[in-house]
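The values are calculated or read from the model by the stated rules, or taken from the named source; none is laboratory data. None of the values given here were measured: they were computed from a predicted structure. Every residue, glycine as well, gets a Cβ built from its backbone with ideal geometry; the counts of neighbours run over all protein chains shown. With ligands, DNA and RNA removed, areas are computed over all heavy atoms of the protein, side chains included. Shrake-Rupley method; radii C 1.70, N 1.55, O 1.52, S 1.80 Å.
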Amino acid sequence: MALRKDFRRIGLLVPSSSSVQERDICRVLPEDITLHVARMRLSNVDAESTLRVVQEIETESQKLADVDVDVIIFPATAPSSRNGIGYDQELIKRISAASGKPATTASTALLEALHVLSVKRIVLGAPWSASINQSVSAFIEANGVNVLAQEALGLVRNLEIGLLDPQTAYDVGRRVNRPRADAVMLACGNWSTFSIIDPLEHDLGKPVLTTNQVSLWHALKMMNMRPLGELGVLLREHLGQSASNSRSSSVID
């Protein structure tokens, strides 16, 4: 019989209309890590919905605590950056207070990844609206990283975003890239991006970051897990003992 010490558990707080995150993350997790999911209501990626979705964050975090996860991720860039600088940390405190578990958000993980990779200038691509993209861009810039260019595909319904082919992420990454950018960020947890990270990094010669990738990376980093041989330079070279020191801690006291 397997002992609890022989495996680890990641808790995932996702929008109810997400169809990509469980599938993509489960496919890349090592066999000794299991994924456990709770859902919060969201159908459209708009200003009101990205604020309202976190009304259920305490209730759903408590459910993940019931299965004794090691860490909880809220892998949603727009909702976790919606209220500007420091909002991601507020959400982490709410998750941890409700669950008693360490936590992180997509926005927190992104900032940590940018720090670890010494990124000062990025470009931003996303499938949602230009206004949501601008809100995310403002959050990133408020945290000291310049956004040189951005592109949004203009979709609002999250179910439609979940049906996009990964090639759309690759194409946006190529179009939005600028020579002066240190990295490319492809935002939105319901956008299928995992399969294009390595090819796009190879073609552009720079790190490619995505919502689900940075969220998973930060969870694994908080759990002191070993590197993964896929999903870009971030997960290959910045996990385990060789990883750089953290910008800040996202665990509970």
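Scanning the range 9-35 for residues that are within 21 Å of residue 226 (Cα to Cα), outside any helix (DSSP H, G or I) and touching a helix residue (DSSP H, G or I) at 6+ places or on another chain (Cβ under 6 Å) turns up 10, 11, 35.
Matching residues to (1) in a helix (DSSP H, G or I); (2) closer than 30 Å to residue 174 by Cα; (3) without any contact (Cβ under 8 Å) to a residue 40 or more places away in the chain:
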residue: 84; (1), (2), (3): no, yes, no
residue: 92; (1), (2), (3): yes, no, no
residue: 95; (1), (2), (3): yes, no, no
residue: 104; (1), (2), (3): no, yes, no
residue: 108; (1), (2), (3): yes, yes, no
residue: 111; (1), (2), (3): yes, yes, no
residue: 115; (1), (2), (3): yes, yes, no
residue: 122; (1), (2), (3): no, yes, no
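In this entry, residue 6 is excluded by the filter for residues that are under 18 Å from the mean Cα position of the chain (by Cα), open to solvent by 10 Å² or more (accessible area, probe 1.4 Å), within 17 Å of residue 225 (Cα to Cα) and of a type outside the set (A, V, I, L, M).
Within the range 124-133, the only residue that satisfies the criterion of being surrounded by 20 or more Cβ atoms within 10 Å (Cβ to Cβ), of a type outside the set (Val, Ile, Thr) and assigned to a helix (DSSP H, G or I) is 133.
Number of residues in the range 232-253 that are in a loop (DSSP other than H, G, I, E, B) and modelled with pLDDT of 50 or more: the value is 2.
Only one of (1) assigned to a loop (DSSP other than H, G, I, E, B); (2) touching a residue at least 12 places away in the same chain (Cβ under 8 Å) fails for residue 229. Which number is that? Of the numbered conditions (1) assigned to a loop (DSSP other than H, G, I, E, B); (2) touching a residue at least 12 places away in the same chain (Cβ under 8 Å), the odd one out for residue 229 is (2). When the criteria are applied in full, residue 91 fails the requirement of being over 24 Å from residue 186 (Cβ atoms), touching a strand residue (DSSP E or B) at 6+ places or on another chain (Cβ under 6 Å) and surrounded by 21 or more Cβ atoms within 10 Å (Cβ to Cβ).
Taking residue 179, is it out of contact with any strand residue (DSSP E or B) (no Cβ under 9 Å at 6 or more places or on another chain) and either among the acidic types (Asp, Glu) or open to solvent by 60 Å² or more (accessible area, probe 1.4 Å) (or both)? Taking the combined requirement at face value, the residue satisfies it.
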